[in-house]
Amino acid sequence: MTVARRRRLIRRQRSSVGLALVAAISFLAGMTDAIGLMAVGEFVSFMSGNTTRTAVALADGDVARAILLLTGLFAFVLGNTCGVIIAARSRPYGVLLCVTALLAASAVVPEAREVRFLLLIFAMGTINAAVEQIEGLPIGLTYVTGALSRFGRGLGRFILGVRDSKWLIQLVPWSGMIAGAIAGAMLQRSAPHTAAFAPFIVASLVTAASILIPRRWSVRFLQR
């Protein structure tokens, strides 16, 4: 086997592992957002929606809700910040371990709506730093607007004759998120008292799997 072919094989394997991790994390994000929305009444990963809801709350004179949502937006940003710092020191599994702990904490405070909301939203902010790119292509984990936009632009370029199919990977986070959201919504409907623990269980499994990813691969999933 030539060196060039071996490198292509390694790159293909690394990309496949990275995309599997992206799909799993997006599934977790979709599940958490659906359960959070149904249980808490607010989005915990969709910050565009919460920004609009903040404006509506202010227009309605609901100051308390507006403050809660604004605090949530700050928590999401802070979670991203902390996630990047953790990832720089302990790779993606460190980020996922932190997220797992936050989801566990949120599961044991179901009656404290505001506290649970902030814990969930901080966790979803943090998890974005687990995977930031796959072979140089940007990836979003807890939101799919960017993924669908990149997919649409890639489709447009393909129609214009640009034969580059890398834009197809943007379907991975979208597919993972919608699958997770469906699972989370169904679980919240059928077993609301145990649904709070589902994201923690899924996060634990994803974290365990991420530990098996070689360091030389996982560091390439982060921005440099």
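The values are calculated or read from the model by the stated rules, or taken from the named source; none is laboratory data. This one's a predicted model, so the numbers in the text were calculated from it and none came from an experiment. Ideal geometry is used to build each Cβ from the backbone, glycine not excepted, and the neighbour counts take in all protein chains shown. We work out accessible area using only protein heavy atoms, side chains counted, and drop any ligands, DNA or RNA first. Shrake-Rupley method; radii C 1.70, N 1.55, O 1.52, S 1.80 Å.
Looking at the chain, the accessible area is 51 square angstrom per residue; that uses a 1.4 Å probe and ignores ligands, DNA and RNA.
Which whole-number value in Å³ per residue fits the convex hull of the alpha carbons of region 42-191?
Values: hull volume 19.7 nm³, N = 150.
Spread over its residues, the Cα hull of region 42-191 gives 131 Å³ apiece.
One decimal place: the segment Cys82-His193 gains 37.0 nm when fully extended, by the rule 0.36 nm per residue minus the C-alpha distance. The residue list Leu70, Ala87, Leu28 was ranked by how far each Cα lies along the charge dipole of the chain toward its positive end, using unit charges on Cβ atoms, and Ala87 comes out on top. Across the chain, the relative contact order, built from alpha-carbon pairs under 8 Å that are at least six residues apart, equals 34 percent.
Gain on full extension, evaluated as 0.36 nm per residue between Ala20 and Phe158 minus their Cα-Cα distance, stands at 47.2 nm. The charge dipole of the chain, taken about its Cα centre with unit charges on the Cβ of Lys, Arg, Asp and Glu (plus for the first two, minus for the last two), comes to roughly 1600 debye. For region 70-125, list log₁₀ I(q)/I(0) at each q in 0.14, 0.17, 0.28, 0.29 Å⁻¹, using the Debye formula over Cα point scatterers of equal strength and ignoring solvent, two decimals each. Computed log10 I(q)/I(0) values: -0.35, -0.50, -1.05, -1.08. Does anyone have the angle between helix 47-59 and the longest principal axis of the chain? Alpha-carbon axes, 0 to 90°, nearest 10? Result, in degrees: 30. Dipole orientation for region 114-224: of the candidates Pro192, Pro138, Ile121, Pro138 has the Cα lying most toward the positive pole (charges on Cβ; Lys, Arg +1; Asp, Glu -1). Where the centroid of each part is defined by its Cα atoms, how far is region 128-164 from region 45-123 in Å? Region 128-164 and region 45-123 have Cα centres spaced 25 Å from each other.
Leaving out ligands, DNA and RNA, what percent of the accessible area of the chain is carbon and sulfur, probe 1.4 Å?
Values: 7540 of 11440 Å².
Taking all protein chains in place, the chain shows 66 percent carbon and sulfur surface.
For region 111-223, the spherically averaged projection of the C-alpha convex hull amounts to 8.8 nm².
Subtract the Cα-Cα distance of Leu9 and Val56 from 0.36 nm times their separation in residues, and report this length gain in nm to one decimal.
Values: separation 47, 0.36 × 47 = 16.92 nm, distance 5.12 nm.
Gain on stretching Leu9 to Val56: 11.8 nm.
How tilted is helix 171-190 with respect to the longest principal axis of the chain? Cα atoms for both, answer in degrees (0 to 90, nearest 10). Roughly 30 degrees, rounded to the nearest 10. Against the chain, whose longest principal axis comes from its Cα atoms, helix 145-159 is set at around 40 degrees.
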